[in-house]
Amino acid sequence: MNGESLWSIFVNAALVNNFVLAYFLGICPFLGVSAKLETAVRMGGAVMFVMLVSSVCAYGINLVLLAIGAPFLKLISFIVVIASTVQLVEMFIKKTSPTLFRALGIFLPLITTNCAILGLALFQTNKGYDFGQAIVYALGAGAGFALALILMAGVREKLELASMPNAVQGTAVALLVAGILSLAFMGFAGLGA
Amino acid sequence: MPLPDLPPTTPTDEFVKGLWRENPVFVQVLGMCPVLAVSNSAVNALAMGLATTFVMLMSNLLVSSLRNFIPKQVRIASYILIIATFVTIVDYVIAAISLELYNALGAFISLIVVNCLILGRAEAFASKHGIGMAALDALGMGIGFTVALLCLGGVREILGSGSLFGVALFPEAFQPWVVMILPGGGFFTLAGWLLLINYLKERREAASVMLQETPE
């Protein structure tokens, strides 16, 4: 068990150890979906939701695996559960709210290969969080991911209008912006202590 | 970036393409998370590169030999299961060899599972080619990935801690540029390498255009 307070877990996951800018998790969607502000907001929301669901599932699986004494199955069962959770969420949203389903589009299935989700499940078991802490951790990580994605999209929308040499355009300039954002987030160090 | 299906080529070509022309990091920009996260020292970068190469080689071999038995509808799930199995093996092997390295790489060994590069090679190459070709492809891509990781890890370690593979390079008075081993430095170093490669490519293209425009 881990004695951290819920508030410090949230601040740590969202700002100090931001999943994207400090742990480098979920870089692919971070670079891929951050070209437009609107899609970035939707993607952030979808990831937050899946993180919450899979965090709860991972907590349950970990208990079961510990009970039957098979921790080596952790990775395999986590990835299978995340993939099926995403599939389930997709089916559920499709049935209950077709509008939201259309709005999320291709981003929903792509969340399976987002390493931030698997990373979250692994970190929370490594840190030994209890149920409440795990949920707060998932919320914080999701909020941090959404924040980084939205900040990045805001900057990149402005960058479209800037003139720059050909060699810099595309991924290179996105990485430079990400580096500067990451430096800015270092200013949060010590907040959640 | 999806790759176009290239026509069948020679075995050497399949091996060499991963090293430069389709380098997974510098050209395809795949598998970024481990690239940025563990390249803060050359040793970590090398270990990560080798682990990824092993997983890619084994999963490519298995996917390629099972390619006629896996139903189309469940292929992605099967590939992920195959990859997760080998990653679990690597995870335990690294923990057995060096606990220090295991702690330095942390959760990123487990996260090889979601490295899109490996799944990408299984789906785009191994599921359509024979075992030999799939092995060559995985080896080429793996070595390309390792070299790219070393390029990043080397630069970051030299600038950020003033050493390479743990051996100090500079006299005592050297002030390490600590930002380079922190997260921000990872982004900047990769951006720097991409800039260099884009610049070289652009210059070569410009040169070939010049040649075409001035027929002798």
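We did not get these values from a lab; they are worked out from the coordinates using the rules stated. Note that the structure is a prediction, hence the values are computed from the model and not measured. Backbone-built Cβ (ideal geometry, glycine too); neighbour counts: all protein chains shown.
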Taking B:156, B:204, A:156 and counting other beta carbon atoms within 10 angstrom, the fewest-first order is B:204, A:156, B:156
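How about segment B:17-101: which trypsin sites (Lys or Arg not before Pro) there are in a DSSP loop, with at most 16 other Cβ atoms within 10 Å of their Cβ?
Details: sites: B:17, B:21, B:67, B:72, B:75; in loops: B:21, B:67.
Loop-located and lightly packed - B:21.
In debye, nearest 20: dipole of segment B:125-216 around its Cα centre with unit charges on the Cβ of K, R (+) and D, E (-)? Don't skip to the end; give the middle numbers.
On the way: 5 positive and 7 negative charges, 45 e Å.
Approximately 220 debye in magnitude.
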Sorted by Cβ neighbour density within 10 Å, fewest at the top, the residues B:201, A:74: B:201, A:74
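Provide a whole-number value for the mean count of partner chain Cβ atoms within 10 Å of the Cβ atoms in peptide B:107-119.
Values: counts 11, 6, 1, 10, 9, 2, 8, 13, 3, 5, 0, 0, 2.
Per residue, the average neighbour count from other chains is 5.
Compute the FRET efficiency between residue A:68 and residue B:196 as 1/(1 + (r/R0)^6), taking r as their Cβ-Cβ distance and R0 = 41 Å, and round to the nearest 0.05. Walk me through the intermediate numbers first.
Details: r = 52 Å, r/R0 = 1.26.
For R0 = 41 Å, the calculated efficiency reads 0.20.
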Whole Å is fine, so just give me how far the alpha carbon centre of segment B:157-179 lies from that of segment A:1-60. 33 Å
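Rounded, prolate or oblate: pick one for the protein assembly as shown, where a ≥ b ≥ c are the square roots of the eigenvalues of its C-alpha gyration tensor, a/c under 1.5 means rounded, and failing that, prolate if a/b is larger than b/c, else oblate.
Working: a/c = 1.32, a/b = 1.17, b/c = 1.13.
Note, shape of the protein assembly as shown comes out rounded.
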What ranking do B:133, B:141, B:48 get, fewest neighbouring Cβ atoms within 10 angstrom at the top? B:133, B:48, B:141
Pairwise Lys count, the protein assembly as shown - Cα closer than 27 Å, eight or more residues apart or different chains: 10
Simple SL model, points at 7 angstrom along Cα→Cβ for residue B:123 and residue B:89; separation in nm is 2.4 nm
Tell me which residues come under 5 Å, amide H to amide H, from residue B:163 once H is placed; ignore anything under 5 positions away on its chain. B:158, B:169
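Kindly provide the helix-only [θ] at 222 nm of chain A, computed as the sum of -39,500 (n - 2.57) over DSSP H runs of four or more divided by all residues, to the nearest 500 deg cm²/dmol?
Working: 9 runs with 136 residues, N = 193.
Helix contribution divided over all residues of chain A: -23000 deg cm²/dmol.
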Which of rounded, prolate, oblate describes segment A:2-110, given a ≥ b ≥ c as roots of the alpha-carbon gyration tensor eigenvalues and a/c under 1.5 marking rounded, otherwise prolate only if a/b is larger than b/c? oblate
Distance in nm between label sites at residue A:38 and residue B:169, each 7 Å beyond Cα in the beta-carbon direction? 4.8 nm
Tilt of helix A:131-159 relative to the longest C-alpha principal axis of chain A, in degrees (0 to 90, nearest 10)? 10 degrees
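Grab the DSSP H runs of chain B that are 4 residues or longer, score each as -39,500 (n - 2.57), total them, divide by all residues and round the 222 nm result to the nearest 500 deg cm²/dmol. Don't skip to the end; give the middle numbers.
On the way: 8 runs with 135 residues, N = 216.
After summing the helix terms and dividing by residue count, I get -21000 deg cm²/dmol.
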Chain A: relative contact order from alpha carbon pairs under 8 Å, six or more residues apart, as a whole percent, is 46 percent
Does segment B:11-213 classify as rounded, prolate or oblate by the C-alpha gyration tensor (a ≥ b ≥ c root eigenvalues; a/c under 1.5 gives rounded; else a/b over b/c gives prolate, otherwise oblate)? oblate
